[in-house]
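Below is one structure, written out as structure tokens; the observations come after it.
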Amino acid sequence: MYKLVLFDMDGTIADTDGMIVATFIEMYRLYRPDYMPTIDYMLTFSGPPIVQTLTKEFPDLTFDYAFKEYQRISLPNYQKFAKAFPFVRELAEKLHARGIKIGIVTSKHRYPAEYTLKLIDLDGVFDLLIAHDDVKEAKPNPEGIFQAMKHFGISDKRDVLYVGDTLTDYLTAQNAGIDVALVTWTPRDLPPEAKPTYYIDSFNEFFEVINHGKTN
């Protein structure tokens, strides 16, 4: 059984797809009015660090300005669209009951990450939050994973599972040398090179994975 389970945030424990799409639609309307990509394309922004996305999508803006605008536009959209997946709190309680430590390793900056957790009523549920501000290199660099392992005094990589929903999450766990589970409750098209230790389709399957009772 795993001793530490680490989670991605957006698309894994928090349903923020509506927030992401609404925010970027407004960003494009303001700063690239002749361009509007598909919703599927905008959903690929869930995963990579926001600095990477804003730099690529709005090359005519300085990152500092683009980031301030992103924050300004996204905060009310968090309130309107963000919600926890319905089983997350119960899942956390059951993991804690088994003595398993749980944490979050996310590409979000700390303020929006903490804001999201409070907004979706998951504040204080997880034992540790490692955000973009806490590392020198963001995902898929494994620095955040290693920080979490050190925090909990876990050295054996076989004791750690990372749970996410994107190729970035898969690569993060692969780079760390730990098992990875990709959840399927968000609509992500993953390339064939993504070969996670587990795919998880449901709440019940999660506990099969925790007990090492399921393989692909």
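Remarks
- Neighbour counts of other Cβ atoms within 10 Å put F81, F63 in the fewest-to-most order F63, F81.
- Label separation (T184 vs E90): 2.0 nm, computed from points 7 Å beyond Cα along the C-beta direction.
- Taken over the alpha carbons of region 17-81 as equal point scatterers, the Debye sum produces base-10 log I(q)/I(0) values at 0.21, 0.27 Å⁻¹ of -0.84, -1.44.
- Those residues of region 128-166 whose amide nitrogen sits under 14 Å from the label point placed on A194, 7 Å along Cα→Cβ: 140, 163-166
- Using a Förster distance of 25 Å, the FRET efficiency for N211-D133 (Cβ separation, nearest 0.05): 0.15
- Local electrostatic count, T106, Cβ distance below 11 Å [Lys/Arg +1, Asp/Glu -1]: -3
- Amide H contacts under 5 Å for K108: H132, restricted to partners 5 or more places along the chain or on a different chain, H placed in the peptide plane at 1.01 Å from N.
- Restricting attention to the chain, close to 10% of DSSP beta bridges with both partner residues there are antiparallel.
- Straightening the chain between M36 and K56 buys 5.8 nm, computed as 0.36 nm per residue apart minus the Cα-Cα spacing.
- With helices as the sole contributors, the chain gives -13000 deg cm²/dmol at 222 nm; each DSSP H run of n ≥ 4 counts as -39500 (n - 2.57), and the sum is divided by every residue.
- Taking 10 °C and 1.306 mPa s as conditions, region 95-216 diffuses translationally at an estimated 105 µm²/s according to Stokes-Einstein applied to its Kirkwood radius (Cα pairs).
Taken together, the values in this text are just the output of simple stated rules run on the coordinates, not laboratory data. Worth saying up front: this structure is predicted, and the values here are computed from it rather than measured. Every residue, glycine as well, gets a Cβ built from its backbone with ideal geometry; the counts of neighbours run over all protein chains shown.
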